[in-house]
Amino acid sequence: MLIIRDIHAVTVLFIMPAVFIMIMSLAMRDLFELHGAAGIDVLAVNQDAGNKSESFFKAMDALRTFRFHLIEKEAVTDKIKEQMLVRDYKFALIVKENFSAFVEKNGKGKDDKPLELLVNPAVNVQTQLVLKSALEGKLAKLTWDAFIDRIGSLLTLAGIDGEKLKAAEESPVEVNYVYKEGQHSGIPSAVQQSVPAWLVFSMFFIVIPISNTFISEREQGTLMRLKSMNVSRFYLIMGKMAPYLLINAIQVIIMIAMGVYIVPFFGGTALTLGDSMGGLILIAASVSFSAISMALLIAAAARTTEQATTIGGVLNIIFGALGGIMVPKFVMPGFMQDLANLSPMSWGLEGFLDIFLRNGNVSDVLPKSLYLSVFGVVMLTLTAIILRRRREIS
């Protein structure tokens, strides 16, 4: 009831994270796609009537770096540019009428180039070069294969295996990724990062309503009256935790609903929840327990609501900046990623990513949940010690 009446608490706990999720999921969508493995969307027009263009698109799709979305082949350049702007594509590829002929002629006739790439100028140069190099490489491979097919009979007479010559043009470099501490985790999408990040951040901001209520009760003598009724510290603390656990649960439901339904409505990617509801409940409850425990410690230690709000706000911002909330961990240098592991917000964020991104289960989030639970127990123990020393409750 106190939170419902407190517009500032409602804003911090519900409106602020919802707005952050919307803004960050939409504003950083393209940035995360360029870093991630999910692929970059490319508008494509195939104006070629031959079969070589189909083989070209299959080869490009096999890279899994780009996703090509074909539109009608009759589209002219102006219409393609219009579609780029309307659909918010960063690239558009036009495979021209002479593509198959170009391949069959072994790359001759370069005055009329078979591919045209339209690029949004906001795309960084490195990403442009990646796509351009991939197109050139697959075109060269297709041209080489066509050449080998044409001279296949001569190669057979000479005792040369044409298929081996084709395979010789494949890249000799094998790429394997090395993940820190053996974690084979992908890079999240913008919504996969934003929803759990700002959810964890907002859950830790429970310190504001808790401190307001706790300190008001102390100033009004409520705690002293509870002491005269022989209410123990245990019941006092549990009585404070129970309603805020429910409030955090409501936060979880609302913010996840934002990612699943609201963000895609405005053009973002929908949040995927994974397959482990038990794991999601476990990590959400662990984050809530640790956040409320820290809030109770701050409320018990602070003399005024201003002190509690300042201390809680500063700690939350530090934990958020350090723990990958404000800056994703995958863009941090190695030593900063090590420092991020000191933040309880990082434990909570990684636990949610285990569910949303890595399709984890209860056993995957259990270590993070244990860290958060131990952190919460330590906070509650310190809270009880402070209350005892102040003799505010027996």
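The values are calculated or read from the model by the stated rules, or taken from the named source; none is laboratory data. Everything quoted here is computed from the prediction, not taken from an experiment. So basically every Cβ, Gly included, is an ideal-geometry build from the backbone, and we count neighbours across all protein chains shown. Protein only, heavy atoms only, side chains kept; ligands, DNA and RNA dropped before computing areas. Shrake-Rupley method; radii C 1.70, N 1.55, O 1.52, S 1.80 Å.
Quick notes on this one:
- Options Glu74, Glu82, Glu97: the member that is open to solvent by 90 Å² or more (accessible area, probe 1.4 Å), of a type in the set (D, E, K, R) and modelled with pLDDT under 75: Glu74
- Checking each residue in the stretch 39-71 for being surrounded by 14 or more Cβ atoms within 10 Å (Cβ to Cβ), charged (D, E, K, R) and assigned to a helix (DSSP H, G or I) picks out only Lys52.
- Among the candidates Asn230, Asn212, Asn248, the residue that is on the phi > 0 side of the Ramachandran plot and either open to solvent by 50 Å² or more (accessible area, probe 1.4 Å) or part of a helix (DSSP H, G or I) (or both) is uniquely Asn230.
- Only listed residue being in contact with a Phe, Trp or Tyr (Cβ under 9 Å, 6 or more places away or on another chain) and without any contact (Cβ under 8 Å) to a residue 24 or more places away in the chain, chosen from Asn341, Asn316: Asn341
- Filter result for Ile298 (open to solvent by 10 Å² or more (accessible area, probe 1.4 Å) and touching a residue at least 40 places away in the same chain (Cβ under 8 Å)): yes
- Within the stretch 352-375, residues that are under 14 Å from Ser290 (Cα atoms) and part of a helix (DSSP H, G or I) reach partners that are of a type in the set (Val, Ile, Thr) and open to solvent by 40 Å² or more (accessible area, probe 1.4 Å) with beta carbons closer than 9 Å, at six or more positions or on different chains, in the pairs Ser369/Val362.
- Note on the stretch 233-245: among residues that are open to solvent by less than 70 Å² (accessible area, probe 1.4 Å) and in contact (Cβ under 8 Å) with a residue 12 or more places away in the chain, the one that is farthest from the chain's Cα centre (by Cα) is Arg233.
- Selection from the stretch 364-385 of residues that are under 30 Å from Phe214 (Cβ atoms), open to solvent by 60 Å² or more (accessible area, probe 1.4 Å) and not hydrophobic (A, V, I, L, M, F, W, C): Tyr371, Thr381
- The residues of the stretch 124-133 that are touching a helix residue (DSSP H, G or I) at 6+ places or on another chain (Cβ under 8 Å) and either of a type in the set (Val, Ile, Thr) or part of a helix (DSSP H, G or I) (or both) amount to a single one, Thr127.
- Here Leu271, Leu282 are screened, and the one residue that is in contact (Cβ under 8 Å) with a residue 24 or more places away in the chain, part of a loop (DSSP other than H, G, I, E, B) and over 15 Å from Thr213 (Cβ atoms) is Leu271.
- Per the listing Asn341, Asn361, the residue uniquely closer than 27 Å to Thr269 by Cα, surrounded by fewer than 19 Cβ atoms within 10 Å (Cβ to Cβ), modelled with pLDDT of 90 or more and among the polar types (S, T, N, Q) is Asn361.
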